[in-house]
């Protein structure tokens, strides 16, 4: 991608009302644009990150054995009346129609997915079933804040599992925890598994997946060596205690919730009378679980966890592009043409090998402006081509997460980039 042809550009100043790191850097870096409180447009750079996060989630949910569906965002009132949540969920958007009917903009999809799966599942032989979707959700937050971490319109992966027995559900639940940890790890995040109350969804215990960051909304007691953590409000250990999982040190810290899983029990199969015949001929309500990851929220959590004072530091797996190629200008016309020609050759060589390159080919921007934009955008690797580097038949190589830079011969760039991206 040539940066000069992209309509969305960086901004030198942060929006005045951005109180969080992700809001400032995602907006200033040209990843998102705020339309109103809690509602964002995702621009080309931001959408590429969101799509990569979604791809990782899809791959892990598919490996778990779940099937992808797409459920309606506009939901009939009747299902919410059946479960008793039409009047009990305070953040439910209710939409009146000219026909006199009312609908809900879905904040969650138990009221849709439960009767849907019920249409196809009649016997224990049809179970277990797990379905998931990546979709837009709506919640009437009184105070949308923290950038894309808390919005009124947001992306989410929600999965629902259906089981003939409690034991089968519990086995799947443990597999889901592992799949979630793998998902966050692939996104470059160190997630902690926190036992917490299920809140509005269920009275049973549930688990949250917290990303450690000073900007976190939650205070948790976390192990420095493994994934164990507890919410400070229900903690049975204290700071400096040894971790019950691995013996590591427990510390009090802040975290951002990036996902959660719930044991729904028969909370939703009961009102819909969703039961199956068992092997002995008896009938039983199915057991259900709910598993959520906020996709747009996860992008914000990555920024909160991986940045410095200059901008974002994207993990390689979710960066919008792998390489930020910068061609610097020259006052000499012939040298300028040589620089652009060399940059074009590297750009085409890399892209032809499926390396994703953002080329800052602007000829009316200073070197300082280009470097500042590169730090703000935060791609994993920066390559600079200039009069100075071409004298050495080289490019300047600098990883975003490192402070050192070095020269790499133009002839060796493709091989070295391949080694740099090899973990992908």
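The values are calculated or read from the model by the stated rules, or taken from the named source; none is laboratory data. Note that the structure is a prediction, hence the values are computed from the model and not measured. As a convention, Cβ positions derive from the backbone with ideal geometry for all residues, glycine included, and neighbour counts pool all protein chains shown.
Of note:
- Subset tally (residues that are touching a strand residue (DSSP E or B) at 6+ places or on another chain (Cβ under 7 Å), assigned to a loop (DSSP other than H, G, I, E, B) and under 16 Å from residue 111 (Cβ atoms)) for the stretch 270-289: 3
- Any hit, the stretch 188-205, residues being surrounded by fewer than 16 Cβ atoms within 10 Å (Cβ to Cβ), modelled with pLDDT of 95 or more and under 24 Å from residue 88 (Cβ atoms): no
- Within the option set 266, 245, being surrounded by fewer than 21 Cβ atoms within 10 Å (Cβ to Cβ) and closer than 19 Å to residue 114 by Cβ holds for one residue only, 266.
- Residue count for the stretch 374-390 under the criterion of being out of contact with any strand residue (DSSP E or B) (no Cβ under 7 Å at 6 or more places or on another chain) and either closer than 19 Å to residue 44 by Cβ or in contact (Cβ under 8 Å) with a residue 40 or more places away in the chain (or both): the result is 3.
- Taken together, 168, 158, 140 contain a single residue that is within 26 Å of residue 283 (Cα to Cα) and either in a loop (DSSP other than H, G, I, E, B) or touching a strand residue (DSSP E or B) at 6+ places or on another chain (Cβ under 9 Å) (or both), which is 168.
Residue-by-condition table, conditions (1) in contact (Cβ under 8 Å) with a residue 40 or more places away in the chain; (2) over 32 Å from the mean Cα position of the chain (by Cα):
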residue	(1), (2)
249	no, no
264	yes, no
270	no, yes
280	no, yes
296	yes, no
313	yes, no
326	yes, no
330	yes, yes
339	yes, yes
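- The residues of the stretch 82-109 that are touching a residue at least 60 places away in the same chain (Cβ under 8 Å) and either touching a strand residue (DSSP E or B) at 6+ places or on another chain (Cβ under 7 Å) or not assigned by TED's automatic domain parsing to the domain that holds residue 71 (or both) amount to a single one, 108.
- Inspection of the stretch 405-412 finds no residue satisfying the criterion of being touching a residue at least 60 places away in the same chain (Cβ under 8 Å) and not in a helix (DSSP H, G or I).
- Selected residue (only one of 215, 258, 229, 222 is buried (at least 20 other Cβ atoms within 10 Å of the Cβ) and assigned to a loop (DSSP other than H, G, I, E, B)): 215
- Of all residues in the stretch 354-365, those being more than 27 Å from the chain's Cα centre (by Cα) and surrounded by fewer than 14 Cβ atoms within 10 Å (Cβ to Cβ) number 2.
- Filter result for the condition that a residue is at positive phi and surrounded by fewer than 21 Cβ atoms within 10 Å (Cβ to Cβ), over 147, 100: 100
- Filtered residues of the stretch 34-55 (kept if in contact with a helix residue (DSSP H, G or I) (Cβ under 7 Å, 6 or more places away or on another chain) and surrounded by fewer than 21 Cβ atoms within 10 Å (Cβ to Cβ)): 34, 42, 54
- Looking only at the stretch 306-327, and only at residues there that are at negative phi and assigned to a strand (DSSP E or B), the one that is surrounded by the fewest Cβ atoms within 10 Å (Cβ to Cβ): 308
- Hey, residue 376 touching a helix residue (DSSP H, G or I) at 6+ places or on another chain (Cβ under 9 Å), in a helix (DSSP H, G or I) and modelled with pLDDT of 95 or more or not: yes
- Residues of the stretch 1-21 that are over 23 Å from residue 360 (Cα atoms) and surrounded by 17 or more Cβ atoms within 10 Å (Cβ to Cβ): 18, 20, 21.
- Residues in the stretch 328-350 that are part of a helix (DSSP H, G or I) and either surrounded by fewer than 16 Cβ atoms within 10 Å (Cβ to Cβ) or in the same structural domain as residue 214 (by TED's automatic domain parsing) (or both): 333, 334, 335, 337, 338, 341, 345, 348, 349.
- Among residues of the stretch 1-23, those that are within 20 Å of the chain's Cα centre (by Cα) and without any contact (Cβ under 8 Å) to a residue 40 or more places away in the chain, counted: 0
- Residue check for residue 113: under 30 Å from the mean Cα position of the chain (by Cα), buried (at least 20 other Cβ atoms within 10 Å of the Cβ) and either within 14 Å of residue 138 (Cβ to Cβ) or in contact (Cβ under 8 Å) with a residue 60 or more places away in the chain (or both): no
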